[in-house]
Structure formats: structure tokens, C-alpha cells
There are 2 protein chains.
Amino acid sequence: MAEPVVPRLFQGTRDVFPDELLARNAIQASLVTIFERYGFAPLETPAMEHLDILLGKYGPEGEKLIYKLAYKGGEVLALRYDLTVPFSRVMAMNRELPLPFKRWQIQPVWRADRPQPQQGRFREFIQCDVDTVGSESMAADAENVAVVHDGILACGIEDFRVKINHRRLLRGIILSAGIAATAEADVLRCVDKLDKIGLSGVRDELLALGMPATPTDRVLAIMDIEGDPSEVMAEAKRRLGDQEDAAVGLSELEELFRAAMALGVPTKRLQLDLHLTRGLDYYTGPVYEVVLTNTDNFGSLGGGGRYNDLMGIYGGAPLPATGVSIGLSRVLAALQKLGKLDSRPTPSEIFLTRMADVSLEALLQTGTALRAQGIAVETHYDSEKMKKLFERAERKKIPVLGILGGSEVSAGTVTLKHLGSGQQLTAVVASARETLASLIRTPTRPAGP
Amino acid sequence: MAEPVVPRLFQGTRDVFPDELLARNAIQASLVTIFERYGFAPLETPAMEHLDILLGKYGPEGEKLIYKLAYKGGEVLALRYDLTVPFSRVMAMNRELPLPFKRWQIQPVWRADRPQPQQGRFREFIQCDVDTVGSESMAADAENVAVVHDGILACGIEDFRVKINHRRLLRGIILSAGIAATAEADVLRCVDKLDKIGLSGVRDELLALGMPATPTDRVLAIMDIEGDPSEVMAEAKRRLGDQEDAAVGLSELEELFRAAMALGVPTKRLQLDLHLTRGLDYYTGPVYEVVLTNTDNFGSLGGGGRYNDLMGIYGGAPLPATGVSIGLSRVLAALQKLGKLDSRPTPSEIFLTRMADVSLEALLQTGTALRAQGIAVETHYDSEKMKKLFERAERKKIPVLGILGGSEVSAGTVTLKHLGSGQQLTAVVASARETLASLIRTPTRPAGP
């Protein structure tokens with residue numbers, strides 16, 4: 001055994017405790033059910049990748065945050081920075097996969113960022129992505145929109161909408177205003193900061209970058225078109241005429257909105273937002289982002305878009321691709337903000353205890369009989385004074401205290417006391433599920449396994 | 001975008017594809033249901049730990065395999081090597097957690113090992129642990145045994161048993177044979193190799209270490225006692241007399257077996273195996289290991305034991321602890337060996353396609369109606385010749401091809417063709433679940449969420 005060391009975490013990392021993880025796992029299960037219902041299959045990639053696989057994909061700011069690891073033997077490794085680039089490596093190495101290939105992936109990623117625990121930003125966090133590779137159809141993008149829509153809804157959030165835009169339409173807006181094609185990335189990067197610095201901030205930054213005032217104002221004016229998607233499309237078409245990029249963007253958006261509605265996404269949750277750019281360099285077509293409605297400045301719950309060029313970087317046939325990412329921690333934060341987070345520090349429903357006249361074996365047997373009904377039971381092995389048992393159950397925040405005395409054992413019953421309400425019932429052990437359900441008034445987990 | 005690089009994996013790592021992951025996720029879900037039914041709560045720790053947190057815990061052989069990472073700023077980091085040591089750091093840093101604290105944890109670990117892909121050994125793999133901290137009761141160990149028992153059973157494996165032994169009993173056997181206490185670790189390490197090198201190999205190694213022949217043979221003879229647990233205990237007691245360590249070990253084993261049976265573990269799946277040592281240095285009490293019966297040399301599906309000293313390394317009040325680990329990849333391999341692995345390359349049940357006279361919108365609407373019934377549907381957006389559609393569905397290994405023609409759309413039906421049997425049925429879209437079930441004869445996933 002080693003010398004005692006100070007137990008501590010590496011800066012910017014954290015432990016995730018049961019209250020958060022029980023909620024996150026429930027969200028994850030809801031999302032995975034939706035993903036697989038749309039035909040997305042699970043995939044995992046290793047944490048460590050050769051550094052050169054990751055370089056040149058995330059833009060100058062992103063690249064600084066790649067966790068580079070010097071490994072003995074001189075090999076230069078990196079920790080997974082996102083899920084998209086490793087996935088493109090998988091597609092390049094496995095050309096035999098039947099296309100379109102649809103995959104979901106939920107794994108941690110690492111960023112050598114200045115951690116901001118107060119804002120919930122850590123050096124390790126979970127990403128949750130779905131992507132379709134090998135189809136140029138707007139139906140694949142519409143399925144991304146439908147998947148996030150159905151997924152967020154399944155997590156219990158109703159007041160949200162999916163903002164949609166198109167990179168070709170954005171290019172059309174920029175070019176038709178008279179701004180040079182070479183400035184496109186700069187313009188998009190500025191407009192992406194709209195939520196943070198406001199419209200005048202965006203205008204100031206664009207002018208500071210050397211854009212002339214008139215074209216800049218023309219771009220910002222078109223982006224400001226509001227209304228339902230068909231109105232925005234009509235007005236944009238009127239103002240942009242037959243500019244080629246704009247025409248392609250608008251036509252694809254029309255297909256995308258039609259397909260999303262056919263997939264059952266209600267119009268009220270779809271918005272064509274011409275300000276939306278999404279930060280990353282690699283998008284080539286539609287982009288989307290999920291935001292809460294009725295909640296200001298909350299940021300996005302997820303987003304994505306089409307990136308037809310990224311998958312081609314390793315050579316070979318082109319692989320058009322489109323994907324969407326859901327921010328698990330953002331969904332958790334949203335549920336908390338909406339007061340809908342079911343936060344429990346333990347999965348246990350009953351804290352099962354015994355009086356001094358009951359043997360350990362009888363206690364364990366009762367626990368087994370309860371578990372066979374699908375009830376989650378934590379057993380307290382030692383017999384103790386009733387007051388002590390109450391305190392223990394309360395400290396553990398298990399909703400129901402189960403008390404087993406000698407008379408209960410003889411009768412095949414157990415006393416169940418709801419700690420919140422103080423209500424107490426005698427349950428027949430073999431059918432305790434119904435009694436428990438009536439006591440806590442929330443449905444217990446299904447019997448199984 | 002960067003220069004093209006050769007897409008490749010870091011040596012000893014791998015991508016995990018849908019066929020394996022769908023099976024592993026199903027196993028994981030079964031296990032987690034069992035874990036939580038016993039009151040174990042989920043916990044996660046970060047991948048990166050300060051190196052000194054991990055040093056001195058895994059023995060000289062293990063320590064060599066810690067993934068040490070030189071990070072800029074001179075800080076020396078390491079990747080998680082197992083789940084137990086990071087968990088002990090969590091317990092040391094969070095003294096307010098109500099004891100006993102029961103947690104499950106499923107996360108990857110990394111070992112700088114010589115990878116042996118043929119034997120399924122990689123540098124990154126998943127560990128799956130449950131531990132109880134803060135109780136000295138043998139009931140906690142019995143719950144570990146019951147959890148692995150119920151868990152393995154829930155995964156669909158029936159022919160297995162849990163081998164159990166006790167480190168104090170082993171010490172008693174060694175001391176009463178006249179071997180010095182200082183040689184204990186060496187003896188255990190040799191005996192641990194029994195499955196690999198056989199009894200004569202173990203004997204040779206012990207003699208080579210300088211153990212005298214007579215005590216060595218005495219130890220090996222006692223370890224060879226066979227029979228059901230009570231017979232082995234009685235015979236061991238007879239031979240070891242009142243040697244203190246043996247007496248403590250035997251008495252705790254008696255409690256453990258009684259408690260495991262009270263928890264519903266059938267006697268036929270419990271074995272007292274006096275050869276069992278478990279490799280790790282930190283065990284102090286009972287140890288257990290799950291093995292297949294009727295299958296030679298398969299190795300273990302998991303194992304664990306009590307480690308009352310490890311959690312104390314950071315100072316403070318002692319924290320008795322006991323835990324068990326299930327090898328997810330071992331369980332997968334066992335299911336494969338037993339022909340029970342449900343291996344599918346995609347979650348999709350229906351590959352939904354359309355004839356030339358059906359619009360994309362009608363196709364997407366039908367997919368949505370099917371998904372609303374809980375059916376997993378992959379939609380093929382383009383209309384193609386029937387032959388081509390068959391080929392695509394077969395390549396994707398989706399069991400049922402759904403064909404939507406103009407007449408089906410008018411009638412609100414869809415043609416479902418089982419690719420394995422060739423059987424074809426017309427299903428009313430709104431109630432396609434039953435038709436699908438009759439076609440594939442295996443239950444479809446439940447409707448919901």
C-alpha cells in the first residue's frame with residue numbers, strides 16, 4: 001500500500017453522483033429508444049486516437065483544446081474531442097458498411113479547456129449524437145429534426161422549438177449583399193455570437209473586420225425576416241431573386257420542412273431562423289438548433305446539420321453526411337429549470353429494516369420476495385431502535401421505510417411507512433407492489449427482469 | 001481541412017460495432033435493473049486521475065500497466081485503471097455520504113498492456129462493478145453473490161456457479177501448514193495460477209520459491225477438499241482445528257452461505273472452492289468468482305470480494321468495503337459460446353420502402369405511424385426497383401421489408417415481407433404491430449414511451 005496521498009480530482013473534472021446520474025440515465029434511455037425507433041444503431045470508438053486523425057477538423061479555436069498526450073515511444077495521441085471525427089474515421093476504414101449508415105453514439109469527450117464549473121463546463125463531458133452517412137436526401141435531415149423533437153419530448157420537455165437554417169442560403173445572403181465569398185466564414189462566426197453580443201455587437205464586429213456598412217446592413221436586414229417558415233421563405237426568395245446559392249438553400253429547406261411535418265413534427269415547433277449559423281466550419285447544408293421557448297437566454301439543447309465534405313477527407317467515394325447532437329447536461333438543466341427533474345439520490349423505493357426479534361435470514365428473504373415484484377429494496381442488516389432506523393432512511397432519502405417485526409414475519413406481512421406523508425400501511429409481502437404504489441402514488445418500476 | 005491522413009486506430013484499441021453493442025447494451029440494461037433492485041446507485045468518475053491516486057494499489061505487475069500521461073504544465077496524470085480505486089477516492093472526499101453506500105459503476109478503463117485482440121484483450125475495455133462501503137456484515141457479501149447470480153441469470157445464462165473462498169481461511173491453511181506469514185502473498189499468487197499451470201505446476205512454483213515440500217503438500221491437500229459447502233467447511237474445520245484465522249474465515253463463510261441462500265441463490269450454484277484466491281492484493285475476507293459449468297477453461301464471468309483496508313488509505317475513519325465486478329465482454333463471449341447471443345447489426349425491424357407511385361411524404365407518414373406503435377423502422381427515401389430494395393434490406397440484415405405502393409397508401413396498409421422465411425402479409429398500418437409480431441414470431445419492443 002502506498003503512502004497516504006491527498007484525495008483530489010484533476011482540475012476541471014468531476015464525479016457524477018447518483019441523483020444526477022439516475023436522471024441522466026433515464027433521459028438517455030428515452031433518447032436511445034427514440035434513436036433506435038428511427039433505425040439508428042449504436043457505435044463506440046476508443047478514447048484514444050492518433051493526433052493526426054483529429055487535427056485540422058475543429059477550426060483554430062477548437063484545435064487548441066484537443067487533449068494531446070505524449071505517450072512513451074514518441075507516438076502522439078489525443079483524447080476524443082467530439083464524436084463526429086472519430087465516426088468519419090470509422091466510415092473511412094469500413095467501406096463495406098451498407099449505406100446509408102445510421103448510428104447513434106453516446107460517449108464522453110475531453111477538451112483542454114479552462115473549466116467553468118459554475119457554468120457546468122468541464123474538461124470531460126458526454127456527447128450524444130445521431131448521424132446518417134451516405135444520403136443526400138433532405139429526408140435524412142428531417143429525420144434528424146424529428147429525432148431531436150421526439151427525443152426532447154420523450155424527456156418531458158414540451159416548450160421548445162427547432163430553429164432551422166441553411167448554409168447555402170446564408171452564402172446566398174452574403175454574396176447577394178455584395179460581400180466577398182472569402183469573408184463568408186468571418187461573417188458566419190460573427191453572426192454566431194448574436195445571442196451573446198446582440199445585433200449591434202454583431203454589426204460592430206463585422207465593420208471592425210472591414211466589411212462595408214451597406215452590405216453588412218443588407219445581410220443583417222435579410223436575416224431579420226420573421227414569420228412562419230413559408231412566409232420567411234417567400235420573403236427571402238423575393239429579396240434574393242435567383243441568386244444560385246440562395247435558390248438551392250431555399251429549395252432544400254422547403255423539402256426539409258415538408259418532410260419534417262410528414263414525420264409528425266408540429267409546425268409550432270419548427271422555425272426558419274435566418275440568423276442561425278452553428279459555429280463549426282464543416283457544415284454545408286441545413287443546420288438546426290433546439291431551444292426552449294418561454295425561457296430567455298437558456299442556450300441550446302442540441303443541434304446539428306449536414307456536412308457533406310468532412311467524411312471525404314480520407315479519400316475514396318464521397319460520403320454525404322448529416323447529424324444532430326443532443327446536450328444531455330443541457331436537457332438535465334432544462335428539466336431542472338422547468339421544475340420537471342425527478343431527482344432522487346438512490347434508486348431504492350423501500351429501506352427494509354428489522355426489529356430485534358427477526359433474524360437476518362428472514363429479513364433477506366423478505367427483501368428477495370419484494371425484489372421479485374420489481375421493487376428496489378435496500379436492506380439494513382442490523383436491527384436497531386426504531387428512531388435510529390427512521391433517521392437512516394431519511395438520510396438516505398429512500399421514500400418508504402419497511403419494518404419487519406416478529407409478528408409481521410409470522411403473518412407474511414411487512415409494515416410500510418411513507419416518510420414524506422407519514423402514512424403507514426401493512427402490506428402482504430407477496431403482493432406488496434400494489435400497497436407500495438398506493439403509498440407513494442407514483443408508479444413503481446415494472447416487474448421483470 | 002487537413003491534408004489526407006491514413007485512417008487508422010491506435011494499437012490495441014478498437015471500434016465497437018452495432019451487432020456487439022446492441023447485445024452489450026441489452027446485457028447492461030438487464031444488469032442495471034438487478035443492481036438497482038438491490039439498492040445500488042449509479043456513480044461515475046472522470047477518466048483522468050492524478051497519478052499518485054492510482055500508485056501503490058495494483059501490485060507490481062498491475063502498476064506497470066497504468067496509462068501514465070505527461071500533460072503540459074508538468075502535471076502527471078493517469079487514465080482510470082479500474083473502478084475501485086477512483087471509487088475509494090470518491091468515498092474519501094465525500095465523508096457525508098450516508099453509509100453503507102452502495103454504488104454501481106459501468107465505465108471504460110485503460111491498461112498499457114500488450115494487446116491480444118485474438119483473446120479479446122484490448123487497451124480500453126468496460127468494467128462493471130457494484131460495491132458496498134461501510135458495512136462489515138457478511139450479508140453485504142451475500143448480496144454481491146446474489147447480484148451477480150441474478151444478473152448473470154437475467155442475461156440468459158443458467159449453467160454457472162459462484163465459487164467462494166475466504167482470505168482469512170487461506171491464511172489459516174497456510175499458517176497451520178507451517179509456512180511463514182511473510183510467504184502468504186507468494187503462495188496465493190502461485191495458487192491463483194492453478195487454472196493455467198495445473199496442480200503440479202503450482203507445486204513446482206511453490207517449491208521453486210523455497211517453500212519446504214511437506215507444508216506445501218499439506219496446503220495443497222487441504223485446498224483439494226471437495227463436496228458441498230457444508231461438507232467442505234466441516235472437513236476444513238476438522239483439519240485446521242482452532243487456528244484463529246481459519247476459524248474466523250469459516251465462521252464468516254457460514255454466515256455468507258446462509259445469507260446467500262436466504263437471498264434466493266440456489267445451493268447448486270454455490271461452491272466453496274478452497275483453491276480460489278483472486279489475484280489482487282487488497283482482498284481481506286470472502287472472495288468469489290463466477291464460472292460456467294459444463295464448459296471447460298472458459299475463465300470467469302466476474303468476481304470480487306471484501307477489501308476492508310483499501311478505502312482507509314486516505315486516512316480518516318475505516319471504511320469496510322466489499323464489491324463484485326462482472327465482465328461484460330466475458331458474459332457476451334459466454335452467450336456466444338452457448339449459442340444464446342441475439343446478434344443483430346441494426347435495431348430496425350422494418351426496412352420501409354416505396355414504389356414509384358408513392359410520395360416521399362406518404363412514406364415518411366407511414367414510418368411515423370409504425371414508430372408510434374413502438375416499431376423500429378428504417379426508411380429508404382428513394383423509390384427503386386423491387387429487386388434493388390430486396391438487396392438493400394438483405395445487406396442491412398433488417399428482418400422485414402415494408403413495401404408501400406399507391407394502392408397500399410389508399411387502403412391505409414403496408415405489405416410486410418419477412419426476408420428469412422419469404423412470408424408476406426398485408427398489414428393495416430394503424431395496427432401493424434400484431435401483423436409484424438406474427439411475421440417474425442419474436443416479440444417486438446414495447447410501445448411507448
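Please determine whether any residue of the stretch A:164-180 is charged (D, E, K, R), surrounded by fewer than 19 Cβ atoms within 10 Å (Cβ to Cβ), modelled with pLDDT of 95 or more and out of contact with any Lys or Arg (no Cβ under 6 Å at 6 or more places or on another chain). Looking for residues that are charged (D, E, K, R), surrounded by fewer than 19 Cβ atoms within 10 Å (Cβ to Cβ), modelled with pLDDT of 95 or more and out of contact with any Lys or Arg (no Cβ under 6 Å at 6 or more places or on another chain), one finds none in the stretch A:164-180, hence no. Among the conditions (1) farther than 23 Å from B:Lys193 by Cβ; (2) touching a residue at least 60 places away in the same chain (Cβ under 8 Å), B:Glu254 misses just one, which is (2).
Which one is surrounded by the fewest Cβ atoms within 10 Å (Cβ to Cβ) among residues in the stretch A:104-134 that are in contact with a Pro (Cβ under 7 Å, 6 or more places away or on another chain) and farther than 15 Å from A:Ala41 by Cβ? Out of the qualifying residues, it is A:Arg121. Could you grab me the full set of residues in the stretch B:135-150 that are of a type outside the set (D, E, K, R) and either on the phi > 0 side of the Ramachandran plot or open to solvent by less than 10 Å² (accessible area, probe 1.4 Å) (or both)? Once the filter is applied, which keeps residues that are of a type outside the set (D, E, K, R) and either on the phi > 0 side of the Ramachandran plot or open to solvent by less than 10 Å² (accessible area, probe 1.4 Å) (or both), the stretch B:135-150 yields B:Met138, B:Ala139, B:Ala140, B:Ala142, B:Asn144, B:Val145, B:Ala146, B:Val147, B:Val148, B:His149. Per the conditions (1) assigned to a loop (DSSP other than H, G, I, E, B); (2) under 30 Å from B:Val290 (Cβ atoms), the sole criterion not satisfied by B:Ala334 is (1). Among the residues here, A:Ala393 qualifies as without any contact (Cβ under 8 Å) to a residue 60 or more places away in the chain and closer than 18 Å to A:Thr346 by Cβ. Taking the conditions (1) touching a residue at least 12 places away in the same chain (Cβ under 8 Å); (2) within 26 Å of B:Leu169 (Cβ to Cβ); (3) part of a loop (DSSP other than H, G, I, E, B) in turn, B:Gly316 satisfies each one other than (2).
Only a single item in (1) hydroxyl-bearing (Ser, Thr, Tyr); (2) over 30 Å from A:Tyr58 (Cα atoms); (3) at pLDDT below 90 is not met by A:Tyr282, and it is number (2).
For the stretch B:371-400, taking the residues that are modelled with pLDDT of 95 or more and over 20 Å from A:Arg103 (Cα atoms), the one that is nearest to the other protein chains (Cβ to nearest Cβ) is identified as B:Ala372.
Checking the stretch B:295-305 against the condition returns no match, with no residue being more than 20 Å from the chain's Cα centre (by Cα), buried (at least 21 other Cβ atoms within 10 Å of the Cβ) and closer than 20 Å to B:Pro100 by Cβ.
The stretch A:344-449 holds helices (runs of 4 or more DSSP H) entirely within its bounds, and those carrying 2 or more residues that are open to solvent by 60 Å² or more (accessible area, probe 1.4 Å) map to A:386-396, A:406-411, A:432-440. Does A:Lys72 meet the test of being modelled with pLDDT under 90, of a type in the set (D, E, K, R), in contact with a Leu (Cβ under 8 Å, 6 or more places away or on another chain) and open to solvent by 30 Å² or more (accessible area, probe 1.4 Å)? The answer is no for A:Lys72. Of the residues that make up the stretch A:110-124, is at least one part of a helix (DSSP H, G or I), within 30 Å of B:Thr346 (Cβ to Cβ), facing chain B (nearest Cβ under 9 Å) and of a type in the set (Phe, Trp, Tyr)? No, the conditions are met nowhere in the stretch A:110-124.
Per this entry, B:Ala234 is not counted among residues that are within 13 Å of B:Gly172 (Cα to Cα) and part of a helix (DSSP H, G or I).
For A:Glu289, the requirement of being assigned to a strand (DSSP E or B), out of contact with any Phe, Trp or Tyr (no Cβ under 9 Å at 6 or more places or on another chain) and open to solvent by 10 Å² or more (accessible area, probe 1.4 Å) is met. Once the stretch A:41-61 is narrowed to residues that are under 29 Å from A:Ser135 (Cβ atoms) and surrounded by fewer than 19 Cβ atoms within 10 Å (Cβ to Cβ), the residue that is modelled with the lowest pLDDT is A:Gly59.
Whether a residue is open to solvent by 10 Å² or more (accessible area, probe 1.4 Å), of a type in the set (Ser, Thr, Tyr) and in contact with a Leu (Cβ under 9 Å, 6 or more places away or on another chain) was assessed, and B:Thr284 passes this test.
Of the numbered criteria (1) more than 21 Å from the chain's Cα centre (by Cα); (2) at pLDDT 90 or above; (3) farther than 21 Å from B:Gly323 by Cα, the one B:Leu99 fails is (3). Residues that are open to solvent by 20 Å² or more (accessible area, probe 1.4 Å), part of a helix (DSSP H, G or I), under 13 Å from A:His149 (Cα atoms) and within 14 Å of chain B (Cβ to nearest Cβ) within the stretch A:242-272 comprise just one, A:Met261. The residues in the stretch B:125-150 that are within 9 Å of another protein chain (Cβ to nearest Cβ) and either in contact with a His (Cβ under 9 Å, 6 or more places away or on another chain) or small (Gly, Ala, Ser) (or both) can be counted, and the count is 6. With respect to (1) away from chain A (no Cβ under 14 Å); (2) open to solvent by 60 Å² or more (accessible area, probe 1.4 Å), the lone exception for B:Leu153 is condition (1).
In the stretch B:216-231, the residue that is nearest to B:Ile164 (Cα to Cα) out of those that are open to solvent by less than 70 Å² (accessible area, probe 1.4 Å) and part of a helix (DSSP H, G or I) is B:Pro229. Can you find a residue that is among the aliphatic types (A, V, I, L, M), free of Cβ contacts under 8 Å to residues at least 60 places away in the same chain and open to solvent by less than 20 Å² (accessible area, probe 1.4 Å) anywhere in the stretch B:22-40? Among the residues of the stretch B:22-40, not one is among the aliphatic types (A, V, I, L, M), free of Cβ contacts under 8 Å to residues at least 60 places away in the same chain and open to solvent by less than 20 Å² (accessible area, probe 1.4 Å), which makes the answer no. Taking the criterion of being open to solvent by less than 40 Å² (accessible area, probe 1.4 Å) and within 14 Å of chain B (Cβ to nearest Cβ), the residues of the stretch A:322-343 that qualify are A:Thr322, A:Leu328, A:Leu332.
The values are calculated or read from the model by the stated rules, or taken from the named source; none is laboratory data. Owing to the predicted nature of the structure, the values given are computational and were not obtained by experimental measurement. Positions of Cβ are generated from backbone atoms using ideal geometry, with glycine treated the same way; all protein chains shown enter the neighbour counts. In case anyone asks, the SASA skips ligands and DNA or RNA and just uses the protein heavy atoms, side chains included. Shrake-Rupley method; radii C 1.70, N 1.55, O 1.52, S 1.80 Å.
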